[in-house]
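Asks: One structure follows; several queries about it will come next.
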Amino acid sequence: MERVYDHQQIEAKWQRVWDEQETFRVTEDPARPKYYCLEMFPYPSGRIHMGHVRNYAIGDVIARYKMMRGFNVLHPMGWDSFGLPAENAAIERGVHPHIWTRENIAYMRAQLKRMGLSYDWSREVTTCEPDYYRWNQWLFLRFYEKGLAYKKRSAVNWCPSCETVLANEQVEDGRCWRCDSAVVQKELEQWFFKITQYAEELLKGCEQLPAWPARVLTMQRNWIGKSVGVEADFPLAEPLPDLPAIRIFTTRQDTIFGATFMSLAPESPLVERLIAGRPEAAAVREFVARVSRQEKAVRTAADREKEGIFTGAYAINPFTQANIPIWVANFVLYEYGTGAIMAVPAHDQRDFEFATKYRIPVRLVIQSPGGPLAEPLSAAYEDAVGTLVNSAQFSGLAVAEGKAKIADYVEAGGFGQRTVNYRLRDWGVSRQRYWGTPIPIIYCKACGTVPVPDDKLPVELPKDVPFTGKGSSPLARADKFLNVKCPKCGGAGRRETDTMDTFVDSSWYFLRYCSPREGARPLDPARADHWMAVDQYIGGIEHAVLHLLYARFFTKAVRDLGLIKVGEPFMSLLTQGMVCKETYRCEEHGWLFPADLTGSEKEGWRCGKCGKPAEKGRVEKMSKSRKNVVDPEHLIATYGADTARLFSLFAAPPEKDLEWNDAGVEGAARFLGRVWRLVHDMTPIIAGSAREAPAASHGPGTHPGASGAGGCDSASSRVSSVTIALRRLTHRTIRKVTEDIEREFQFNTAIAALMEFVNGLYKFTAETKEANKTGEAPALREAIEALILLLSPFAPHIAEELWAVTGHAAGLARQRWPVYDAAFIQEEVLTIPVQVNGKVRSKLSVPAEWSREQVVAASQADVKVREWTQGRTVKNVVYVDKRLVNIVVGDA
């Protein structure tokens, strides 16, 4: 038999077989339970990375396992292929985005196929192709008809030098990534999806997703950010003609008597209206411009210095009637509430720090139940418990009662109301870029905003556009695209030149997979109802908020269009950890691989190029900038796809970060080599044998001769203890691997069980004489077949080859998953006679797994044995493994 494990030849062979036989092509089959397994589809950047390998290997194990458990599995793949990198490539390299993207897809598809993934490639979708983005446009138009798509003015990142809108990722430290000019905020007309209409349903839906990670659900809830409180009007001390008051939202109306100033978000349009004509205007505008360039997450961080500037305007606290100054503050977000807040420094720490810095009065209005708070305060008292003080007629009320009474007062006075607010804001889908779905809208001087008729879809991206990186969207300079006739009146019209946010593409692609060639609608409702919802979704934690939230919104909106019945897209979610690698740094040569080092941990690492000391860095996510990436292509070429898969699954549980370890890769390769040699060595022995009869006919310890050591004088009528032990090992391994996969996909411990299984089989072959191996052939065949079947989801190529080597004509993918027999799972109990000076004085019942030390200790502690050893000296203890204990004693 061939003992050389040629992974390149074997993997190419089985990938070709799967492709030719369309092994993983799937159609609806009502006779079998469906299972929809999906990994987040990739952006075609040009090469897969180890994060891809891990993500897709996880999904592939689940898909293959479910196939073998009898499920009809949908496991598709496609390409999230619109996006800024392709446009940047066009600017930098002079390659059209379509060409660059298609070349990358072809290369990455070949890479994924080399991984042996069980995708139904007949369902492949590519979001930058007209046959996909046509339905983005169709859905946009349906949303527009229902009022879910609308246009309004909104701020964007604007580079004055390049005269173009920048995506958030193109703004680095407040400056343009290309020319380093300071970026400003500029208001433009933008298209939005009204996701806020579904805010409450999105929030309540979190309760229907018990198979999602708790931290992801928390992130979703926090992003939606439901707050129950009061809106109240604070009149301006100098009312403007169309602005007599500023409305604030608060969840702590019990503290309203303590509001000593008001804070506005820098982006609020109220700022400009309040400062117009005031001497403070120039300084305020400079402050707003500077703060608006800062990352919102950074400027609102708790430890960030609080900054602000006085507008020169005052509002009136409607409860105290005091004039309070209106400030612009860096920690206020326009996206929350009304973009204006009443500031209560005594009971909000951010306001307290701000008031302390700018010498604004602090007014205590909640007294702690633990005793009077000493004034002046050293920090804000933020607890929502205590008694109202300095609050006029509401003083003396408990906080809860005070909140209710003050809310009643606001509503009775007609200057506000109880309300529910959400942090969630409508989704801005306009992008002033080329490489995205054209928004299907035409503007006509006579007819206004006109939707493109359905029969004129798709509105295709023109190919002949200039890519300069400057000015407006390239589409605005494509005359043939831009200038069209109005569909209503036939007059001169102008197309919308914004394209859609690429999140639109990924918000419903899982629905398109159900019927990817459907030509009349985005999806076939019957087929979508068959497959949806996705049973298992797999992807990175970085998508825990926006992608998942937008996908949930789209699913609900498409449901309300009558196309599907489900309201949640993903029933179970697995967020896999990152692939990390230890970093080292040399002053001269920068970041180094461990392979580039000399020395040792004890002596100290040195750069292999210059010999200088290399400082050990942190374990960090693999990245090109750190030069700590491992090329999967090289890994697969050197060790094979099965090794790459096995290592990525064994090194850590799926939800944890995986720390790269070269020794671990080599260990995975060695394990597969051991499996290869074991099966080839055993194949001549098991050839022609049938599996051992089911345990129901002769379970462990129940058949004549079961207690004898190798005492099987007829393989057809007696079962040896070796057979029993072998079958016990097999069935316990089946149970362990099965339960580990079912129990939150603990692939690392399942693989560990397979390694122990292989060790056990090698031990069997070493301890069993060649003459007796044939007698154990049925049980051995069962063990070898179980090993191959259990290994196949993790390392499918080598498993397929070994399945064929052992005489099976049919492929592995559709084989049934092995089922363990409970009779072999029960813990084996041995009865061991205990002798004292050669005479049996007692018998012990002990687990077969007990060690010599455990058995001897139990025998010496036995009551009957102690009657014969008490007062005498134990001179020796003879232990015959699993057979006998003889305690030799003498007089003291």
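Asks: Volume per residue, Å³, of the convex hull around the alpha-carbon atoms of the stretch 358-398?
Replies: Taking the convex hull of the Cα positions in the stretch 358-398, it is 81 Å³ per residue.
Asks: Right, next: Considering Cα pairs under 8 angstrom that are at least six residues apart, work out the relative contact order of the stretch 386-443 and quote it in whole percent. Kindly include the intermediate steps, with their values, before the conclusion.
Replies: On the way: 25 pairs, mean separation 9.2, N = 58.
Taking the mean separation of contacting Cα pairs over the length of the stretch 386-443, I get 16 percent.
Asks: Give the cross-link partners of residue 306 among the aspartates and glutamates, using a straight C-alpha distance below 19 Å as the criterion and excluding same-chain residues fewer than 8 apart.
Replies: Within the straight-line limit of under 19 Å, residue 306 reaches these aspartates and glutamates: 173, 267, 286, 295, 335, 348, 351, 353, 382.
Asks: Determine the relative contact order of the stretch 229-362: mean sequence separation of Cα pairs under 8 Å and six or more apart, normalised by residue count, in whole percent. Mind dumping the intermediate values first?
Replies: On the way: 257 pairs, mean separation 46.7, N = 134.
Averaging sequence separation for qualifying contacts and normalising by length gives 35 percent for the stretch 229-362.
Asks: OK, next. Below 17 Å, Cα to Cα, which aspartates and glutamates can residue 113 reach? Residues fewer than 8 away in the same chain don't count.
Replies: Straight-line reach from residue 113, under 17 Å: 11, 19, 20, 22, 39, 60, 103, 124, 631, 633, 642, 800.
Asks: Please list, ordered by chain and number, the residues whose modelled amide H lies under 5 Å from the amide H of residue 313; skip anything fewer than 5 residues away on the same chain.
Replies: 326
Asks: Let me check I have the definition right: for the stretch 407-531, take the eigenvalues of the Cα gyration tensor, multiply each by 5, take square roots. What are those semi-axes in whole Å, largest first? Write out the running numbers ahead of the final one.
Replies: Details: eigenvalues 241, 133, 62 Å².
Each semi-axis is √(5λ); the values are 35, 26, 18 Å.
Asks: Turning to a different aspect of this structure: With r as the distance between the Cβ atoms of residue 153 and residue 814 and R0 = 56 Å, compute the FRET efficiency 1/(1 + (r/R0)^6) and round to 0.05.
Replies: Numbers: r = 58 Å, r/R0 = 1.03.
It comes to 0.45.
Asks: How large is the accessible surface of residue 92 in square angstrom, using a 1.4 angstrom probe and rounding to the nearest 10?
Replies: 120 Å²
Asks: Another one. I'd like to know which of 339, 308, 761 lies farthest towards the positive end of the charge dipole of the chain, counting +1 on Cβ of Lys and Arg and -1 on Cβ of Asp and Glu.
Replies: So the residue we want is 761.
Asks: Moving on to the next point. Roughly how far apart, in whole Å, are the Cα centres of the stretch 798-819 and the stretch 292-309?
Replies: 60 Å
Asks: Just to be sure I understand the curve: with the Debye formula and one point per C-alpha of the chain, what is log10 I(q)/I(0) at q = 0.08, 0.09 Å⁻¹?
Replies: For the chain at q = 0.08, 0.09 Å⁻¹, log10 I(q)/I(0) is -0.94, -1.08.
Asks: Which value, in Å², gives the accessible area per residue of the chain when a 1.4 Å probe is used on the protein heavy atoms?
Replies: Details: 39080 Å² over 892 residues.
Value for the chain: 44 Å² per residue.
Asks: In terms of Cα to Cα distance under 27 Å, which lysines are near enough to residue 556, apart from those fewer than 8 places away along the same chain?
Replies: Counting by Cα, and skipping residues close in sequence, residue 556 has these lysines nearby: 34, 146, 151, 152, 194, 204, 226, 456, 565.
Asks: Still on this structure, please answer the following. Taking the Cα centre of the stretch 1-86 as origin, sum charge times position over the Cβ atoms of Lys and Arg (+1) and Asp and Glu (-1), and report the length of that vector in debye to the nearest 20.
Replies: Numbers: 11 positive and 11 negative charges, 55 e Å.
So the dipole magnitude of the stretch 1-86 works out to roughly 260 debye.
Asks: With the radius of gyration and the Kirkwood radius both derived from the Cα set of the stretch 303-382, what is their ratio Rg to Rh?
Replies: Details: Rg = 13.3 Å, Rh = 13.8 Å.
Answer for the stretch 303-382: 0.97.
Asks: Given R₀ = 51 Å, FRET efficiency for residue 870-residue 616 by Cβ-Cβ distance, to 0.05? Spell out each step's value before the answer.
Replies: Working: r = 61 Å, r/R0 = 1.20.
Plugging the Cβ-Cβ distance into 1/(1 + (r/R0)^6) gives 0.25.
Asks: Can you bin every Cα-Cα distance in the stretch 714-868 into 5 Å intervals starting at zero and give me the percent of pairs per bin, rounded to whole numbers?
Replies: Going out from 0 Å in 5 Å bins, the stretch 714-868 shows 2, 8, 14, 16, 16, 14, 11, 8, 5, 3, 2, 1, 0 percent.
Asks: Separate question: Which residue, chosen from 141, 665, 253, occupies the Cα position most advanced towards the positive end of the dipole of the chain, where the dipole is computed from +1 (Lys, Arg) and -1 (Asp, Glu) charges on Cβ about the Cα centre?
Replies: 665
Asks: Same structure again: Per the Cauchy relation, a quarter of the hull surface: what is the mean projected area of the convex hull of the alpha carbons in the stretch 477-599, in nm²? The partial results should precede the final answer.
Replies: Details: hull surface 59.9 nm².
Mean orientational projected area (the stretch 477-599, Cα hull): 15.0 nm².
Asks: Also, quick follow-up: Scanning the chain for helices, which whole DSSP H stretches are 20 Å or more long along the axis (Cα) and average 0.5 or more by Kyte-Doolittle? Can you show the working numbers first?
Replies: Values: long enough: 7-21 (21 Å, -1.83); 50-68 (27 Å, 0.01); 97-114 (26 Å, -0.96); 130-145 (22 Å, -1.07); 399-413 (21 Å, -0.02); 546-560 (21 Å, 0.21); 662-686 (36 Å, 0.31); 721-742 (31 Å, -0.36); 747-767 (30 Å, 0.61); 777-791 (21 Å, 1.47).
Helix filter hits for the chain: 747-767, 777-791.
Asks: Give me the percent relative contact order of the chain, please, defined on Cα pairs under 8 angstrom at least 6 residues apart.
Replies: Relative contact order comes out at 12 percent.
Asks: State the three equivalent ellipsoid semi-axes of the stretch 17-156, derived from the C-alpha gyration tensor as the square roots of 5 times its eigenvalues, in descending order and whole Å. Display every interim value, and only then the final one.
Replies: On the way: eigenvalues 195, 105, 35 Å².
They are 31, 23, 13 Å, listed largest first.
Asks: Taking all protein chains as present, what is the carbon and sulfur share of the accessible area of the stretch 7-117, in % to the nearest whole number, probe 1.4 Å?
Replies: Working: 2000 of 4010 Å².
Here it works out to 50 percent.
Asks: For the stretch 392-538, what % of the accessible area comes from carbon and sulfur atoms, probe 1.4 Å? Please list the in-between numbers first.
Replies: On the way: 3030 of 6130 Å².
With neighbouring chains kept in place, the figure for the stretch 392-538 is 49 percent.
Asks: Lys/Arg Cβ at +1, Asp/Glu Cβ at -1, dipole of the chain taken about the Cα centre: which of 365, 851, 546 is farthest positive-ward?
Replies: Checked the options; the winner is 851.
Asks: Let me ask something else. How do 177, 14 rank by accessible surface area computed with a 1.4 Å probe, from largest to smallest? Please report the intermediate quantities before stating the final value.
Replies: On the way: 177 70, 14 25 Å².
Largest to smallest exposure gives the sequence 177, 14.
Asks: Let me ask something additional. Distances longer than 18 Å among the Cα atoms of the stretch 629-679: what percent of all pairs is that?
Replies: On the way: 374 of 1275 pairs.
So the portion of pairs separated by more than 18 Å is 29 percent.
Asks: If you place +1 on the Cβ of every Lys and Arg, -1 on the Cβ of every Asp and Glu, and leave all else neutral, what size is the dipole of the chain about its Cα centre, to the nearest 20 Debye? Walk me through the intermediate numbers first.
Replies: On the way: 112 positive and 109 negative charges, 136 e Å.
Dipole size: approximately 660 debye.
Asks: On to the next question. Over the stretch 235-280, what lengths in whole Å, largest first, do the semi-axes of the equivalent ellipsoid take, defined as the square roots of 5 times the eigenvalues of the alpha-carbon gyration tensor?
Replies: Details: eigenvalues 99, 31, 23 Å².
Taking √(5λ) for each Cα gyration eigenvalue gives 22, 12, 11 Å.
Asks: A further question follows. I need the P(r) histogram for the stretch 131-223: all alpha carbon pairs, bin width 5 Å from 0 out to the longest distance, whole percents.
Replies: Once binned at 5 Å, the Cα pair distances of the stretch 131-223 give 3, 11, 13, 10, 12, 18, 18, 10, 3, 1.
Asks: Report the calculated FRET efficiency for residue 463 and residue 375 (r = Cβ-Cβ distance, R0 = 56 Å), to the nearest 0.05. Could you put the intermediate results ahead of the total?
Replies: Values: r = 71 Å, r/R0 = 1.27.
It comes out at approximately 0.20.
The values are calculated or read from the model by the stated rules, or taken from the named source; none is laboratory data. The structure presented is a predicted model; accordingly, all values stated were derived computationally and were not measured. Cβ atoms come from the backbone with ideal geometry, glycine included; neighbour counts cover every protein chain shown. Ligands, DNA and RNA are excluded from the accessible area calculation, which covers all protein heavy atoms including side chains. Shrake-Rupley method; radii C 1.70, N 1.55, O 1.52, S 1.80 Å.
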